[in-house]
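Here's the structure, in C-alpha cells; my notes come after.
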Amino acid sequence: MMTIEMMTTIQTPPSDVMPADMLDLSAPERWRRALRALHRTLTNPEDTGQVLLFVGYANAGSIDRRRARFEGDAAWARLLRERRAIDSKTLDLEALLALPADTLGHAYAHFLRSHGLTPDVFDGPPPGVRDPMIAYAIQRLRQTHDLWHVVTNHETDFVGEIALQAFTYAQLEAPASLILAVAGTLRAHREVPTLAHDAITAFRAGRRANRLASFPWEDHWTTPLADVRRMLNVTPVAPRARIELPTTLVA
C-alpha cells in the first residue's frame, strides 16, 4: 500500500482535485471523499494518487490537535526553521552508497536502489493545505517515509506497509494511518493470518519508539544504523521475503 512507494512524481487525478484548503469542506463531505478514495485504494493499491487523497481528507479534521504536538517539539522547530528537505537536490546517492555498509546513509541509499525508488517522490507541497507549517510537516513525513522503512525493517509490500501504518498511527495519531492499518488487515487476513498480530506488534513498537517525525536524519548519514535505531528506541523486525498477494484480493 504504497503510501510513498512510487517511482515517479505523484499526480493527483484531475477528477479529484482537492480544494484550496480541505478544511473549507464540511466534515461529512471530507469523509465522503475520503471513503471514496479508500475504496479505490483497496481496489487498486498501486493507485498512489488515491492513497494521498484519502490521507489528506481523513487527516484534515485532526490537524489542529496534532499541530500542537509538533509545536511543542524543539527538534521539530529546528527542522521547520531550517526547512530541511530530503530529495535529489540535497542528496548524493552515490556518495551515500560509498559510505560503510553499516551506516544509515548507505542503508537508505541501498534501500532506494534495491526497490527501484527515488527521493524525488513528490513535486512541491501537498495540495489542499494552506497552513505552511502543516504543509511542511506533511512533505517532511512523505520524504522520510522510506527512512521509517529502513529503521523498522518493514518491507514495502502490502503486508509491510500495513504494519508500518500501524507503527505510524502510534507515532502520529493520524486517523488515516489507523484506518489504512485496520482496513488493510481486514482485507488480507485470510491470505496473511499473521497480519493482525504484525500490525498490533508494530503499533506497540511505535508507542515505545522516540519521535521519528522530528529526527534529524541528515545529521546521521555516517552514523551506524544500529546506533540510529538505539537513538530512536526502535527494534527492527526480522527480515522476510516479500509477500505478493493475488490481485483478486483487493478487487
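The values are calculated or read from the model by the stated rules, or taken from the named source; none is laboratory data. All values reported here derive from a predicted model rather than from experimental measurement. For neighbour counting, all protein chains shown are included, and Cβ atoms are generated from backbone atoms with ideal geometry for every residue, glycine included.
From the list R211, R242, exactly one residue is loosely packed, with under 13 Cβ neighbours inside 10 Å, in contact with a helix residue (DSSP H, G or I) (Cβ under 9 Å, 6 or more places away or on another chain) and basic (K, R). Which is it? Walk me through it before giving the result.
Values: R211 fails: loosely packed, with under 13 Cβ neighbours inside 10 Å.
Every option except R242 fails the conditions.
For the structure I just gave you, tell me whether L104 is buried (at least 20 other Cβ atoms within 10 Å of the Cβ), at pLDDT 95 or above and closer than 21 Å to F215 by Cα.
Yes; evaluated as a whole, the condition is true for this residue.
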Got a sec? Which of R81, R140 is closer than 19 Å to W221 by Cβ, charged (D, E, K, R) and either exposed (fewer than 12 other Cβ atoms within 10 Å of the Cβ) or in contact (Cβ under 8 Å) with a residue 60 or more places away in the chain (or both)? R140
Could you grab me the full set of residues in the stretch 110-131 that are under 17 Å from the mean Cα position of the chain (by Cα) and modelled with pLDDT of 95 or more? F111, L112
Inside the stretch 177-202, the number of residues satisfying the requirement of being at pLDDT below 95 and crowded, with 22+ Cβ neighbours inside 10 Å is 2
Please state which one of G56, G49 is within 30 Å of D219 (Cβ to Cβ) and within 17 Å of the chain's Cα centre (by Cα). G56
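Could you identify the single residue in G56, G49 that is surrounded by fewer than 22 Cβ atoms within 10 Å (Cβ to Cβ) and small (G, A, S)? I'd like the intermediate steps shown before the answer.
Values: G56 fails: surrounded by fewer than 22 Cβ atoms within 10 Å (Cβ to Cβ).
G49 is the lone residue from the list that is surrounded by fewer than 22 Cβ atoms within 10 Å (Cβ to Cβ) and small (G, A, S).
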